[in-house]
1. Is there a residue in the stretch 596-611 that is on the phi > 0 side of the Ramachandran plot, surrounded by fewer than 19 Cβ atoms within 10 Å (Cβ to Cβ) and not hydroxyl-bearing (Ser, Thr, Tyr)?
2. For residues in the stretch 402-416 being crowded, with 22+ Cβ neighbours inside 10 Å and in a strand (DSSP E or B), which is modelled with the lowest pLDDT?
3. What residue, among those in the stretch 511-521 that are open to solvent by 20 Å² or more (accessible area, probe 1.4 Å) and under 22 Å from Thr750 (Cα atoms), is modelled with the lowest pLDDT?
4. Which condition breaks for Glu1117 when tested against (1) surrounded by 19 or more Cβ atoms within 10 Å (Cβ to Cβ); (2) modelled with pLDDT of 90 or more?
5. Go through the stretch 714-825 and tell me which helices (runs of 4 or more DSSP H), entirely inside it, have 1 or more residues that are open to solvent by 40 Å² or more (accessible area, probe 1.4 Å).
6. In the list His507, His485, His503, which residue meets the criterion of being under 21 Å from the mean Cα position of the chain (by Cα), farther than 20 Å from His430 by Cα and assigned to a loop (DSSP other than H, G, I, E, B)?
7. Taking the stated definitions as given, is Glu296 loosely packed, with under 15 Cβ neighbours inside 10 Å and not in a loop (DSSP other than H, G, I, E, B)?
8. In this structure, does Val385 turn out to be open to solvent by 20 Å² or more (accessible area, probe 1.4 Å), in contact with a His (Cβ under 9 Å, 6 or more places away or on another chain) and of a type in the set (A, V, I, L, M, F, W, C)?
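The values are calculated or read from the model by the stated rules, or taken from the named source; none is laboratory data. Source: prediction; values computed, not measured. Positions of Cβ are backbone-derived with ideal geometry, glycine not excepted, and every protein chain shown enters the neighbour counts. Protein only, heavy atoms only, side chains kept; ligands, DNA and RNA dropped before computing areas. Shrake-Rupley method; radii C 1.70, N 1.55, O 1.52, S 1.80 Å.
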Amino acid sequence: MVCQALVSSDTLEWERTQLWALTFKLIRKIIGGVDYKGVRDLLKAVLDKIQTVPNFMSSAVVQQLLAAREVLLRKRLCCLPQEGGQSPLLGSLISDFVDSFRPTARINSICGRCSLLPVVNNSGAICNSWKLDPSTLRFPLRGMLPYDKDLFEPQTGLLRYVLEQPYSRDMVCNMLGLNKQHKQRCPVLEDQLVDLVVYAMERSETEEQFDDGGTSQLLWQHLSSQLIFFVLFQFASFPHMVLSLHQKLAGRGLIKGRDHLMWVLLQFISGSIQKNALADFLPVMKLFDLLYPEKECIPVPDINKPQSTHAFAMTCIWIHLNRKAQNDNSKLQIPIPHSLKLHHEFLQQSLRNKSLPMTDYKIALLCNAYSTNSECFTLPMGVLVETIYGNGSMRITLPGTNCMASGSVTPLPMNLLDSLTVHAKMSLIHSIATRVIKLAHAKSSLALAPALVETYSRLLVYMEIESLGIKGFISQLLPNVFKSHAWGILHTLLEMFSYRMHHIQPHYRVQLLSHLHSLAAVPQTNQNQLHLCVESTALRLITALGSSEVQPQFTRFLNDPKTVLSAESEELNRALILTLARATHVTDFFTGSDSIQGTWCKDILQTIMNFTPHNWASHTLSCFPAPLQAFFKQNNVPQESRFNLKKNVEEEYRKWKSMTVENDIITHFSMQGSPPLFLCLLWKMLLETDHINQIGFRVLERIGARALVAHVRTFADFLVYEFSTSAGGQQLNKCIEILNDMVWKYNIVTLDRLILCLAMRSHEGNEAQVCYFIIQLLLLKPNDFRNRVSDFLKENAPEHWLQSDWHTKHMTYHKVTHTHTHSLLHANNTGLFPRSVQTPAHRRIHSSTQSDSFQNRPVTYLYNTLHYYERHLRDRTNLKRKLVHAIMSSLKDNRMPGWCLSETYLKCGMNPREDSVWIPDDTYYWPFPNCDWRFNEFPNPAAHALHVTCVELMALAVPGKDVGNALLNVVLKSQPLVPRENITAWMNAIGLVITALPEPYWIVLHDRIVSVISSAVLSSEMEWVGYPFQLLDFTACHRSYSEMHCSYILALAHAVWHHSSIGQLSLIPKFLSEVLKPIVKTEFQLLYVYHLVGPFLQRFQQERTRCMLEIGVAFYEMLQAVDQHSKHLAYMDPICDFLYHIKYMFTGDSVKDQVTHTHTHTHTLWIHESAAEQHEDESGCVCVSPSGKNRFYQLSISSHRK
């Protein structure tokens, strides 16, 4: 308090020489007794006072500065602000002090962090590693440390890279902490959006012009979607962006992309101009003056080409601005520019023509130009609507009994929909949704027109109309249809969602799943087809959840998990458990844990077991992560023996044969609570009489679709028993024939329902083999079924969005087969294979036909299967090859060459009949054709490349550890194809790939780290040639060609761990305590370990605090071991600084009790913030001197050393 009062006194002025000198002399004597936190505050006050000394001073004030300098030299320096005195007398003192903390900053820095980039929509992209300050775009660095300059720079490259990726808006919001509920302008985001537009203009300038817009067309589409989203939620300001664009394009002469730019701006203007001031949009006219310098009229483009709508974009903007000015009675009306007159006259003339053909893009032009003018907009939009609704009088037949629909069958093509502005698309989708709701309310017997359904599904792919699109579909359309009990329409909409939707955000999918579980309990849905459709849609929603999506979505329902679980369907709940097992395995969520206690999914699993108690077969359970295994072993459910099942069936069948009164028979066998054995009785009936009487069908009707599922489960168990005990030969053939008759002839149970139940039962040993034998028979034995699948594939392609005659081909197929088999065609996509590789999985592989070409996620299927079953597939290389071959071969006719597997692998590694094993050399491990990512399996090129690369690597006939080492060697062995200037980019790619692979692939990095730490460079007591903190600075050393192997490993480890999930990182504490701690004996080894792990403490604190505390304890224990082994510690100050940083930034006193225990017969180095050993110097000043520097740390020596 005395020192503070002295320094803050108004009378302490540098002009008062004697008072200044005496004051600081007094402070110098007192300061030794001040605690270090007080010293920190006092230091700041002293530096502020020194700042009052002018920069240009005379020699008369030198003595004042020297007096202050003596205080600084004698102070226990603990925390120095970045600013300091400007005098040369103090500059070196302060800069030396700041430089003394650079080792601490280096230990806390990720090597090459500014060059590391994520893959959007990958599991590693949703962690805290990529967060940036929303005002500066800087990394959120902890502590006031002198980090390298590039870490303080705005990370514009990182944000821009993410912005460029399709479907990246959620990640951008996560990176910048933007919340749609809070409107907050983000200028740095604005700047990057503008720079992206400028980049697109530059690309258009150098690109050859094509009718479809060229390769930059996808970029412009993406930019349009991004701009609408970020401006709509007020994260970016439209007028500010336009003015910035004008400034950055001025004088550049970039005009080839001007039509695309105006098309992007038109998207926002047409949809928002009615709700905003005209002045917000007038800056666009400045852009027009810059980009359209023509004095003569611009000719009208060929309106038969889709790009004509872009050429008209500027004219459409002027029409919207003019309309707004007229409505507002504004004086800001702008006459039509002379260069646009021909375009304007063409639009006006077209508007007068009441007959608009669908053969060109005239309708799209009129919709775009007049969407804010209801008088003019009605005509072109009416034509579009009538095209997909039909004229109201024409009817067409659909498969089924007396099933009719409106007569329109040809949907609007994607080229036309792409040519409509967002405002026009919103009007169209609103019209469709209103029409569907109106039909539902009217209880119309007409089914939805095929053209309407297909067009609606295509419109739902546009993220920029999300509010009226998928959000309206989930929260308004489906509830209204359900409320009206329009079951036919509901069935159609659910099938559309299952087979036509792409890239739906996970929270919408989980919301729909919750709706479906509620819907399944309603009595009106107790109909065979509708109940099957509801359950099938729910099944696809569950199994399609990405591994990184499962935890974030289901943790939203922890307070009431019942809403996302089925109260009745054991199959759906089993599918969810399989999805949980797969997701927690792929993301390594449970790594290092053996118990489910305290985890996010415990309540979900417990609720499932309360709803639908069940067991898992031992071979399936062995594939589960350890905590899930432990849970199901603790919650074991007794099973009925197969012998008792057989006995009960025989007894019920005797009752069936003995009863004669029809009503009594129906009542007895359909009674609620009676054993679900009726399908077993029908089986017995067919086995003995070869037919089923009508009473049997009446019993099935009385049982109902919902209750029949339990009968199917029992029947599945009974079938396995029957086939297991069959004598073979004629009896087996008879069983097969009866089973197929129940499916195809009598329609008692559907194929997909029966296969699903069979696949989900928990059979052991031989019974499991028999179960999959039955599945194989159901899929492959009936020639009729195989022929139907083959006929369907001949005439249809999976690219439904490109087809205009889907309905015609569909009806032609049904006329030939006389049945509705739409759901059957997808039976092999219900997740049969991911049950257990221990069972004969090759049956699933051999059953793969060309129908796999209709899998909408084939690469994901392969990735999940190879990843999840890696441990079981290690020694079954032939099986892996056959699986990849079966899936990829079915897709070769529908994909461009090189879309997935490398040419080298296709040539050498994918021949399933080749006996010799191909082992690639090091030159193989090097990291594709463009496509419309809206309909692709993956949302962007990087995500596609990552998954197909991982599939190919996992399919190699090479152990995972060898593949992992080969990937590391790409940079560690200085391959000639890796340019030195791009080394961190290659490390980034390796980090992305290796962390997306199973544990055996990436755990080899730990072996490399052990090898380096055990090497003579780090383990010897010899002096290093250079300062260790410089030698471990990979970036600086690499630039000067002075890098060492240990710094390469350090940088590579940082790249890998930066991309790792928190589950993967959670192995680090165990790695430190069990593997590294026993071998760390020297100071160099200790510093290397600190460099390795130090940068990730912040992430551990945010995502898994327990691991952070364990690492803190391991750091102190290693320090103890080094202190015991070393005679002298040369770098005690940086070590103390680093551990102090850990305490005050991360651990606090949480590890104090664990690291301050007493050790006898050893000498231990501990760092405390408590009172230090004090002594008086020759001047009588109290100070601390545990090392060369005057620090506040205490060197506490045990009694043995004393």
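1. Initial filter on the stretch 596-611 (on the phi > 0 side of the Ramachandran plot): 598.
Now drop any that are not surrounded by fewer than 19 Cβ atoms within 10 Å (Cβ to Cβ), which leaves 598.
This time we only want the ones that are not hydroxyl-bearing (Ser, Thr, Tyr), so: 598.
Yes, some residue in the stretch 596-611 is on the phi > 0 side of the Ramachandran plot, surrounded by fewer than 19 Cβ atoms within 10 Å (Cβ to Cβ) and not hydroxyl-bearing (Ser, Thr, Tyr).
2. Of everything passing the filter in the stretch 402-416, Ser406 is modelled with the lowest pLDDT.
3. Applying the filter and picking the extreme gives Ala521.
4. Condition (1) is where Glu1117 drops out.
5. Answer list for the stretch 714-825: 730-740, 765-780, 783-795, 806-817.
6. Going through His507, His485, His503 in turn, the sole match is His503.
7. no
8. no
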